[in-house]
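Student: Below is the structure I would like to discuss, written out as structure tokens.
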Amino acid sequence: MSAALAACGDDGKGGGTSAAAAVSQADIDKAMSTATELTFWTWVPDIAQEVALFEKKYPAVKVKVVNAGQGGPEYTKLRTVLQAGTGAPDVAQIEFQYIPTFTITDSLLDLRPYGAAALKDKFVDWTWAQVSGPNGEVWAIPQDTGPLGMLYRKDIFDQYGIQVPTTWDEFAAAARKLHAANPEVYLTNFSSSQPAAWHGLVWQAGGKPYVKSGKSTIAINVNDATSKKLAAYWGGLAKEGVVGIEPDFTDPWFAALNSGKYATWLTAAWGPVFLSGSAKSTSGKWRAAPLPQWDASKPQSGNWGGSTSAVIKSTKNPIAAAVFAQFLNTDPDSAKLFATKQFFFPATKALLADPAYVGDTPAFYGGQKVNEVFAGISSTVNTTFQWPPFLDRVEADFKETVGKSLTDKTDAVIALDEWQTRITTFAKGQGFTVQ
């Protein structure tokens, strides 16, 4: 961890980095042998095992684990304590897409002074791009990921003579063929309630809906040609009635997966384990494949989900907090626990190349090496996608515009324009220069 401690500086006492001095190995050794308690906000179940590995290596440092809620509820609490100036954790679990929301408020500690830059090659390239700032800052350490792929019912495909689609044109044709053959079955459900999945598909298609330059300038292009292509595609299939459009992660949706109403689920790498627990009656019938492609000669995917460990800038123990965030996600035993106990999909190249991990053959997927499929997909995720610093508002506006148009089977392309207008107005109201 001490290999590259010379890039930026910190006084070792909390409150942020300078651009010069390094944190020496002597500083780290002293901090890690001094009695310290860190507060760690995380929603990961049974993370005590990973924390215990850290405390065994650094017995002077104790970690208080607090479940402050998953995703949105945690972020709401974090913003509240940050604004109050008291009660913030030392380390917090933050999803990739929310990193800009907290860097824009200068709430995260740049981890370069603590050796983080030396960890870059341990992680899949696109994950490192997601936690990096424009000037090389390292705002968090990747923990888990959600590269997008396709889970499909092999038995339904076989029954109706459906080939695994490799392009989106083939996917649309298969949707029409299947639903014509059996009006009770749809090739997939396209949830109108999932802006995260929408962003993942825009990501796959090469879209760049948000591009920040500087702290207060942002280009917003949620209605560009790429997004309109997707809106016309999915809006058209919804209007035809050949794909489902019900909200996902609801009782009816779970029942539909179990009953065979949907022959595919376009989902992230965390989906296989989730599905195996939610649709047990379909064991052995599912398989995994990459997403269909817009350009089959250049395979590409997007991401849906995944999180990081970020150090909050107000920490009084920056060295110990930074070492903890790094250890948690790079120590081989800790990283392996996340993958095999919590079933998180790995962010480290080592695990994605580990024969024991990628060689797993779950019976639910007919003995297919599903981890290997998604490991391959992970290497195709575009590295340039960016998130806006006001994602909560973006997602709420999506549901009221594009999401509603899909549900109502109205023009999703026109809805994109409304979404663009709403976001632009909001951004300008917050003091951003919108390009």
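Student: So if I restrict to the alpha-carbon atoms in the stretch 357-406, what is the Rg, and what is Dmax, the biggest pairwise distance, in Å?
Tutor: Values for the stretch 357-406 (Cα only, Rg and Dmax): 17.8, 43 Å.
Student: On average over all directions, what projected area in square nanometres does the chain have, based on the convex hull of its Cα atoms?
Tutor: Result: 20.2 nm².
Student: For residue 204, what is the net charge nearby, where nearby means another residue's Cβ is under 14 Å from its Cβ and Lys, Arg count +1, Asp, Glu -1?
Tutor: +2
Student: Additional query: Specify the inter-centroid distance of the stretch 288-306 and the stretch 411-435, based on alpha-carbon positions, in whole Å.
Tutor: Cα centroid of the stretch 288-306 versus Cα centroid of the stretch 411-435: 27 Å apart.
Student: Residue by residue, what Karplus-based ³J(HN,Hα) values in Hz, rounded to whole numbers, does the stretch 376-386 have, using 6.51, -1.76 and 1.60 with θ = phi - 60° and x for Gly and Pro?
Tutor: Here the 3J(HN,Hα) series is x, 4, 4, 6, 9, 5, 4, 8, 9, 5, 10 Hz.
Student: Considering the alpha-carbon set of the stretch 373-435 alone, what are its Rg and its Dmax in angstrom?
Tutor: 15.1, 44
Student: Moving on. Once both axes come from the Cα atoms, what is the angle between helix 195-204 and the longest principal axis of the chain, in degrees from 0 to 90, rounded to 10?
Tutor: Taking Cα atoms only, the helix is inclined about 90 degrees.
Student: Got a number for carbon plus sulfur as a percent of the stretch 211-305's accessible area, 1.4 Å probe?
Tutor: Its accessible area is 56 percent carbon and sulfur atoms.
Student: Next up: For the stretch 202-281, what D do you get in µm² per second when you plug the Kirkwood radius from alpha-carbon pairs into Stokes-Einstein at 4 °C and 1.567 mPa s?
Tutor: 84
Student: If you don't mind, another one. Let's test this: bin the Cα-Cα distances of the stretch 33-157 at 5 Å from zero up to the farthest pair and state each bin's percent.
Tutor: Values per bin, smallest distances first: 2, 9, 16, 19, 20, 17, 8, 3, 2, 2, 1, 0, 0.
Student: Order 269-276, 310-317 from most to least packed using the mean count of other Cβ atoms within 10 Å.
Tutor: So the peptides 269-276, 310-317, ranked by packing, come out 310-317, 269-276.
Student: Tell me, Kirkwood radius of the stretch 55-108 from alpha-carbon pair distances, in Å?
Tutor: With all distinct Cα pairs of the stretch 55-108 included, I get 12.5 Å.
Student: Running a GNM on the chain with Cα contacts under 10 Å, which residue among 151, 257, 82 ends up with the highest mean-square fluctuation?
Tutor: It is 82.
Student: Between Rg and the Kirkwood Rh of the stretch 101-225, both from Cα atoms, what is the Rg to Rh ratio?
Tutor: We get a ratio of 1.11 for the stretch 101-225.
Student: Quick one: what do you get for the stretch 310-412 if you divide its Cα Rg by 2.2 N^0.38 Å?
Tutor: 1.53
Student: Grab the other residues whose beta carbon is less than 11 angstrom from that of residue 336, score K and R as +1, D and E as -1, and report the net.
Tutor: With Lys, Arg at +1 and Asp, Glu at -1, the neighbours total -3.
Student: When Lys and Arg each count +1 and Asp and Glu each count -1, what net charge do the other residues less than 14 Å away from residue 414, Cβ to Cβ, add up to?
Tutor: So the environment of residue 414 carries a net charge of 0.
Student: Could you let me know the centre-to-centre spacing of the stretch 374-403 and the stretch 156-212, using Cα atoms, in angstrom?
Tutor: The stretch 374-403 and the stretch 156-212 have Cα centres separated by 17 Å.
Student: Let me know the Kirkwood hydrodynamic radius for the stretch 186-319, please, with Cα pairs as the basis and the value in Å to one decimal.
Tutor: By the Kirkwood definition, the hydrodynamic radius is 17.4 Å.
Student: Per DSSP helix of 4 or more residues, -39500 (n - 2.57); summed, then divided by the residues of the chain. What does that give at 222 nm, rounded to the nearest 500?
Tutor: After summing the helix terms and dividing by residue count, I get -11500 deg cm²/dmol.
Student: Also: With the cut-off at 22 Å, tell me which of the pairs 77/316; 261/409; 280/404; 261/285; 122/208; 228/399 have Cα atoms farther apart than that.
Tutor: 280/404; 122/208
Student: Averaged per residue, what accessible area in Å² does the chain show with a 1.4 Å probe, protein chains only?
Tutor: For the chain, the per-residue accessible area is 40 Å².
Student: Can I ask one more? Send over the Kirkwood Rh of the stretch 34-86, from the inverse of the averaged 1/r over different Cα pairs, rounded to one decimal Å.
Tutor: Averaging 1/r across every pair of different Cα atoms and inverting gives 12.3 Å.
The values are calculated or read from the model by the stated rules, or taken from the named source; none is laboratory data. Please read all numbers here as calculations on a predicted model, not as lab measurements. FYI the Cβ positions are ideal-geometry reconstructions off the backbone, even for glycines, and counts take in every protein chain you see. Each accessible area value is taken on the protein alone, full model and side chains, heavy atoms only, with ligands, DNA and RNA left out. Shrake-Rupley method; radii C 1.70, N 1.55, O 1.52, S 1.80 Å.
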